[in-house]
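Data first, discussion second: the structure below is written as structure tokens.
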Amino acid sequence: MVVPLLNLHVRSLGVSPVVAGIVGSSYGILQLFSSTFVGCWSDVVGRRSSLLVCILLSALGYLLLGMSTNVFLFTLARVPVGVFKHTLSISRALLSDLVTEKERPLVLGQFNTASGIGFILGPVVGGYLTELDGGFYVTAFICCSVFLLNAGLVWLLPWRDNGWSLDGKHTTEPIKSEGTLQGGAATTSTARRSERTVQAPWVEVMLALKDMKNLIFSALWDVFLMRLLMGVAVMLYYSNFVLALEERFEVRPKTTGYLISYTSALGTLAGFAVGPILRLYKHNSYMVLLHSNVLTCLLLVVYSTTYSMAMVVFSSTLLSFSTTIGRTCITDLQLSVGGAQASGTVIGVGQSVTAVGRILAPLLSGVAQEISPCGPPSLGAALALVAILIMTLNRPPISGDGSERLKQE
């Protein structure tokens, strides 16, 4: 609801594209330093407590955003959101705890479908309200109210952290996984943590981070680099989408909001296609990810070079499918290579990588936008091409029929 309007709003405060990019990067900087810690924290204290805190403080951020009448207040409002808006990451970690590995891509796809419903309704409401006097501020307050409603649901609904006790420690034996690279190391790390005496949560978080360090830099560096490049590529596409359509085709923000909602609806439907596509590829997440990235790269080129609004709609339509499939597969690939015993940490590190993209994307978008409205998506296509080359040259150690763990199951 609010995200597509942020660039337009900060520009309305009277700043240049470069300054707007710097301000927009503040969110990514905070996400960079908080994602991994929040992921570890959710592993230590439990999903419910961490989820509730993140929702409430995110609501505070949107409340402040609704009162941002200058650049300082706008930047200040991004602080609590940047630090604590990890609700989707914690939810994904919770789902990873609850399902088997073979079911995980399908469940994550369904989860992305459910979360995508908000991207269907949000841009329509936001695009409509922003044309009213003070509409952006009303939109921010509505977003705050939605977060408060979610906090109430987490607090009131019956809840049982599967396999987690009140102090955040595992109460059941973790599911054993065979044939995973670094699986033994992850299991050993889990065993060491289970043998430690009860310590302060922040100490447990630091110990978990130390256990994950070697794994991340030895087995996952190429996966995270692919995630970074593709994330920045897609962010560059969305970063000036409303503004670019207004400058290139004189499309009003309200109409652009309808287009965003349309593509979000298609992205939601794409979540239902994850299961059949994985079965078609024999659960080979790597090949699905590679092909979706190739399609994304080609569509960014089409969007950047077209002079027809019809081609914009066409490229946006297919991008909604390719990016949805890609997001699901990259998360599954992370967990397959890194192991699911510390799923919150692995997903948290992935979110930190995405946060680096959120830092770089506004800066790169601001500079590229000074050259042309087509600059950001053109740069995104180039980064996507680099990601494809890295995937081709540095294939993760996963067998042709899916991960080794899938074969064992």
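Read the figures in this text as sums done on the coordinates, not as results from a lab. The shown structure was predicted, so the numbers you read here are calculated from the model rather than taken from an experiment. Cβ placement follows ideal geometry from the backbone for every residue including glycine, while neighbour counts extend to all protein chains displayed.
To make sure I understand, if each residue's beta carbon is the centre and we count other beta carbons within 10 Å, what order do Asp43, Asp222, Asp133 fall in, fewest to most?
Numbers: Asp43 29, Asp222 15, Asp133 6.
Neighbour counts put them in this order, fewest first: Asp133, Asp222, Asp43.
Starting from the Cα gyration tensor of the stretch 1-154, take the square roots of the eigenvalues, sort them a ≥ b ≥ c, and report rounded, prolate or oblate (rounded when a/c is under 1.5, otherwise prolate if a/b is larger than b/c, else oblate). Before the final figure, lay out each step's value.
Working: a/c = 2.02, a/b = 1.65, b/c = 1.22.
In terms of gyration-tensor shape, prolate.
Quick one: grab the alpha carbon gyration tensor of the stretch 239-281, order the square roots of its eigenvalues as a ≥ b ≥ c, and give me rounded if a/c is under 1.5, else prolate or oblate depending on whether a/b is larger than b/c.
On the way: a/c = 5.07, a/b = 3.03, b/c = 1.67.
Cα axes put the stretch 239-281 in the prolate bin.
Assigning unit charges at the beta carbon (Lys, Arg +1; Asp, Glu -1) and nothing else, what dipole magnitude in debye, to the nearest 20, does the stretch 246-302 show about its Cα centre? Don't skip to the end; give the middle numbers.
On the way: 5 positive and 3 negative charges, 52 e Å.
It works out to roughly 260 debye.
Cα gyration tensor of the stretch 19-99, axes a ≥ b ≥ c as square roots of the eigenvalues: rounded (a/c below 1.5), prolate (a/b > b/c) or oblate? Kindly include the intermediate steps, with their values, before the conclusion.
On the way: a/c = 3.07, a/b = 2.06, b/c = 1.49.
The shape class here is prolate.
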